[in-house]
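The values are calculated or read from the model by the stated rules, or taken from the named source; none is laboratory data. No experiment lies behind these values; they were computed from the predicted model shown. All Cβ positions, even for glycine, are placed from backbone atoms using ideal geometry, and neighbour counts span all protein chains on display. The area values use the complete protein model at the heavy-atom level, side chains included, leaving out ligands, DNA and RNA. Shrake-Rupley method; radii C 1.70, N 1.55, O 1.52, S 1.80 Å.
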Amino acid sequence: MQKELSEKLKKIPQLNKSSTNLDGSKQTQQDESKIPSVSAGVAAVMATSASSGSIPNISNLPAAVADPTSISATTPAGLATVPNYEAVRRAQELAARMGFRQDPQFAPLINMFPGQMVTDIAIPQKPTKAPVLRLDAQGREIDEHGNVVNLTKPSNLSTLKVNINKQKKDAFQILKPVLDVDPESNPHYDGRMGINKTKLLRPKRMTFQFVEEGKWSKEAETIKLKSKFGEAQAKEYRAKQAQLAKAKAAPDINPNLIEITERVVIKEKPKEQIPEIEWWDTPLLRTGNYDDIADGIIGEDKLKMEKINFYVEHPRPIEPPAEPAPPPPQPLKLTKKEQKKLRTQRRLAKEKDRQEMIRQGVIEPPKPKVKISNLMKVLGSEATQDPTRLEKEIRSAAAEREQAHIDRNIARKLTPAERREKKERKLFDDPSTVETLVSVYRINDLSHPKARFRVDVNAQENRLTGCAVISDGISVVVVEGGSKSIKRYGKLMLRRINWSDVAKDDEENGDSDDDKPPNKCSLVWQGSVAKPNFNRFFVHECMTEAAARKIFADAGVGHYWDLAVNYVEQ
């Protein structure tokens, strides 16, 4: 029954088409366009009510609409012959009332009710049955009519590296070389040197990129240094290690990793040749070689037996070449009170250990210090038996103690040479000190003999080198030496010598000059140099400034004179 109904429903569009072709002329079509039909009105009312969710009662419609005979009169001729049409229509009305859409299987009926379906909504086509795969003799897919079905291949969506490389390889087109001029037309062409036209241009094959030895261990060490010392210190340490590694591995380094600079060839130290006899066997063998040894056995007559004794020679240990050990941690600076407290604790612990050793009998107990004042208190009844003998013993013991004290002081006393060395250490710097300090002084007038003597003698006593150049209107003193000597000499020049008094003495002798500036000494410059430029201290008197500057220029320090001349006191 259902199959019969579906076949007849498929014929409805054809009946509608034939009925529309048989309808009236153009005039009647214009009248129908002006006056809406009853069926259209019914369809419009039902569509409006279906969209709002309610279906109006057919009995409430006008008589022309509610009358089923009028509807049947307006239906096409072929539609009246379809059985169960009213049942289908009622089913559609019920579905619209419940909110369901039209079934696509009954698409021909939808054309009869144009107001019930929304035209802009696409109804999905549901397959009535499972698709059937049909293949021909060549294995190609065909439809039910035997036509070959051309299906587009799905694009490869794989993201694996292997598939991507395969796609690139498939897309790669091998090209032949394009030559502008045919080389064979050239009479001077040599086929062995030219390009072969049939040769294919292929891309260069990739080679293996091996990881250098120690790469991952270096990265692990770098991370460890960053976590331990921080970024800056780790970077500094890494640069230092790279320099050391580069210096060690210079002969065996990969030439591809060397910077393009002038290559320095480092000659390896030649290895020492194996001697005929070792140095430790030379004093023991009489012949001086190993010819007398047969099968590892040697007779006593071929050895110097007087050189063999029961002593064991321990060679001096040689420290392996390595970086020096880091300096030990500096002791904590203590206050005077803390130092005294620690000293008291050390002495108490030492005395307690000594008493414990006396108690155990390891050392002898000290003799009691008996004096005349505590004679009766220490000895008691023994003092009354023979007081003369006890007094004599007590006085002799006191004399021994005093003499032992004097002997200890004499043993600690420094010899004259040690005393001089101690005094030199106190007054002067260590002679092994590399740094040399230089001081340049400018004096307006150094012509007075007293001031000149003090400048010269103090420089020699402080073991300073340099010179004092005296010229008309200006005098320059340059001294070189250690820090202690330079400091003492600076106090002499700037504090101890009263330069204004020296000028007054000159005025009293009749050499006064009103236009002369006041005499004073100024420190022009003080700094350190790599090595001294003078061998000893001397005094020069020059008539002109050119002669004075020449003395400094001969020593290679002409700029000292220029500094003093151009010096302006602030």
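Observations, loosely collected:
- Filtering segment 276-292 to residues that are without any contact (Cβ under 8 Å) to a residue 12 or more places away in the chain, open to solvent by less than 70 Å² (accessible area, probe 1.4 Å) and more than 21 Å from N309 (Cα to Cα) leaves only D292.
- The residue pairs whose first member lies in segment 369-381 and is open to solvent by 80 Å² or more (accessible area, probe 1.4 Å), whose second member is among the basic types (K, R) and modelled with pLDDT of 80 or more, and whose beta carbons are closer than 7 Å, counting only pairs six or more residues apart or on different chains, do not exist in this structure.
- Which listed residue, of I358, I363, is open to solvent by less than 90 Å² (accessible area, probe 1.4 Å) and part of a loop (DSSP other than H, G, I, E, B): I363
- Close pairs from segment 313-329: first free of Cβ contacts under 8 Å to residues at least 40 places away in the same chain, partner open to solvent by less than 100 Å² (accessible area, probe 1.4 Å) and not polar (S, T, N, Q), Cβ under 9 Å, at least 6 apart: none
- In segment 471-496, of all residues being within 17 Å of L563 (Cβ to Cβ) and hydroxyl-bearing (S, T, Y), the one that is nearest to the chain's Cα centre (by Cα) corresponds to S475.
- With respect to the conditions (1) out of contact with any helix residue (DSSP H, G or I) (no Cβ under 9 Å at 6 or more places or on another chain); (2) modelled with pLDDT of 80 or more, K369 falls short on a single one, namely (1).
- Residue check, D511 farther than 21 Å from L427 by Cβ, open to solvent by less than 90 Å² (accessible area, probe 1.4 Å) and either assigned to a strand (DSSP E or B) or at pLDDT below 90 (or both): no
- Filter result for E435 (surrounded by 10 or more Cβ atoms within 10 Å (Cβ to Cβ), under 26 Å from D562 (Cβ atoms) and not β-branched (V, I, T)): yes
- The one condition in (1) part of a helix (DSSP H, G or I); (2) at pLDDT below 95; (3) open to solvent by less than 80 Å² (accessible area, probe 1.4 Å) that R495 fails to fulfil: (3)
- Filtering V479, V455 for residues that are surrounded by 16 or more Cβ atoms within 10 Å (Cβ to Cβ), of a type in the set (A, V, I, L, M), in the same structural domain as W561 (by the TED database) and in contact (Cβ under 8 Å) with a residue 60 or more places away in the chain leaves a single hit, V455.
- Filtering segment 520-570 to residues that are assigned to a strand (DSSP E or B) and not hydrophobic (A, V, I, L, M, F, W, C) leaves S522, Q526, G527, S528, H540, E541.
- Residue that is nearest to P131 (Cα to Cα), among those in segment 141-161 that are open to solvent by less than 100 Å² (accessible area, probe 1.4 Å) and modelled with pLDDT of 65 or more: D143
- When restricted to residues that are out of contact with any Ser or Thr (no Cβ under 7 Å at 6 or more places or on another chain), open to solvent by 10 Å² or more (accessible area, probe 1.4 Å) and in a strand (DSSP E or B), segment 458-470 contains 1.
- Residue check for V312: outside any helix (DSSP H, G or I) and modelled with pLDDT of 90 or more: no
- V362 meets the conditions (1) modelled with pLDDT under 90; (2) under 30 Å from A398 (Cβ atoms); (3) of a type in the set (A, V, I, L, M, F, W, C) in every case but one. The failed one is (1).
Per-residue answers, yes or no, for (1) under 30 Å from Q241 (Cα atoms); (2) in a helix (DSSP H, G or I); (3) at pLDDT 75 or above:
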residue: N163; (1), (2), (3): no, yes, yes
residue: K168; (1), (2), (3): no, yes, yes
residue: H188; (1), (2), (3): no, no, yes
residue: K199; (1), (2), (3): no, no, no
residue: W216; (1), (2), (3): yes, yes, yes
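- Filtered residues of segment 337-351 (kept if open to solvent by 90 Å² or more (accessible area, probe 1.4 Å) and either in the same structural domain as E402 (by the TED database) or under 27 Å from A397 (Cβ atoms) (or both)): R347, K350
- Residue list for segment 238-282, filter: modelled with pLDDT under 70 and closer than 27 Å to K224 by Cβ: A247, K248, A249, A250, D252, I253, N254, L257
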